[in-house]
1. Given region 1-154, what percent of its DSSP beta bridges are antiparallel, to the nearest 5?
2. Among 94-106, 37-49, 67-79, 15-27, how do they line up from the highest to the lowest mean number of other beta-carbon atoms within 10 Å?
3. For region 43-54, in order, what is each residue's ³J(HN,Hα) by Karplus, 6.51 cos²θ - 1.76 cosθ + 1.60 with θ = phi - 60°, in whole Hz (x at glycine and Pro)?
4. Please state, to two decimals, what the Cα-based radius of gyration of the chain comes to when divided by 2.2 N^0.38 Å (N = residues).
5. What 222 nm value per residue comes from the helices of the chain, counting each DSSP H run with n ≥ 4 as -39,500 (n - 2.57) and dividing by all residues, nearest 500 deg cm²/dmol?
6. Suppose R0 equals 35 Å; then what is the FRET efficiency for Ala41 and Glu144 from their Cβ-Cβ distance, rounded to the nearest 0.05?
7. Tell me the label-point distance for the pair Leu54, Phe134, using the 7 Å Cα-to-Cβ offset, in nm and rounded to one decimal.
8. Would you mind checking the tilt of helix 133-149 against the longest principal axis of the Cα atoms of the chain, expressed as 0 to 90 degrees and rounded to 10?
Amino acid sequence: SETPHHKGVLFSPLFRYEMLALMATGHPLSAKAYLTAKDFAHDPLVTYPAPDRLLDVVRRVLKPAGVVPERRLAELTIAIVQLVASRKGLAALPDWAVQPYLERGYVVARPITRKGLWSGLYTASRNSDATRAFHRDFVDTLREQAFMTLPGIEPLA
């Protein structure tokens, strides 16, 4: 995943994580080992209300393949999971964010593409704050807590 850039802002890497395709239990696509762009063509894609450039599944998988599924929007992760569980569409969400729903069997997940769809999470701070001790301590604590509590994440260089 590529490091974001914005004038006057320092982005510090936290971790990388896999985006998983979510579908209802028993969905025909659950028989597949992984999903490809064309698998998203026939079901609505349930996403947060964010621009396409911020949605890795759209920007890096669907758009390059020319796949433009119908969209449904939801503000909360649990709302997205509920729509998926009730067969209202597919979603692509971080592995660490959906593990509780997968463990309870509310939905099932598959990798997106044969290699998986990996994304990175960064902090963003003003350059003027980045060298301050409190900022370095905050980022270090955030990274440490993430690795202690979130499943499936990996270091992001």
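What follows is calculated from the coordinates using simple rules that are stated; it is not laboratory data. These numbers were taken from a predicted model, which means no experiment stands behind them. Quick reminder, even Gly has a Cβ in these numbers, built from the backbone with ideal geometry, and neighbours come from all protein chains shown.
1. Taking every DSSP beta bridge with both residues in region 1-154, the antiparallel ones total about 75 percent.
2. On the way: 94-106: 15.7, 37-49: 17.6, 67-79: 14.2, 15-27: 20.5.
Ranked by mean Cβ neighbours within 10 Å, highest first: 15-27, 37-49, 94-106, 67-79.
3. After applying 6.51 cos²θ - 1.76 cosθ + 1.60, I find 10, x, 9, 8, 9, 5, x, 10, x, 3, 5, 9 Hz.
4. Values: Rg = 16.8 Å, N = 157, 2.2 N^0.38 = 15.0 Å.
Taking N as the residue count of the chain, the ratio is 1.12.
5. Rounded to the nearest 500, it is -7000 deg cm²/dmol.
6. 0.25
7. So the label points at Leu54 and Phe134 sit 2.6 nm apart.
8. 30
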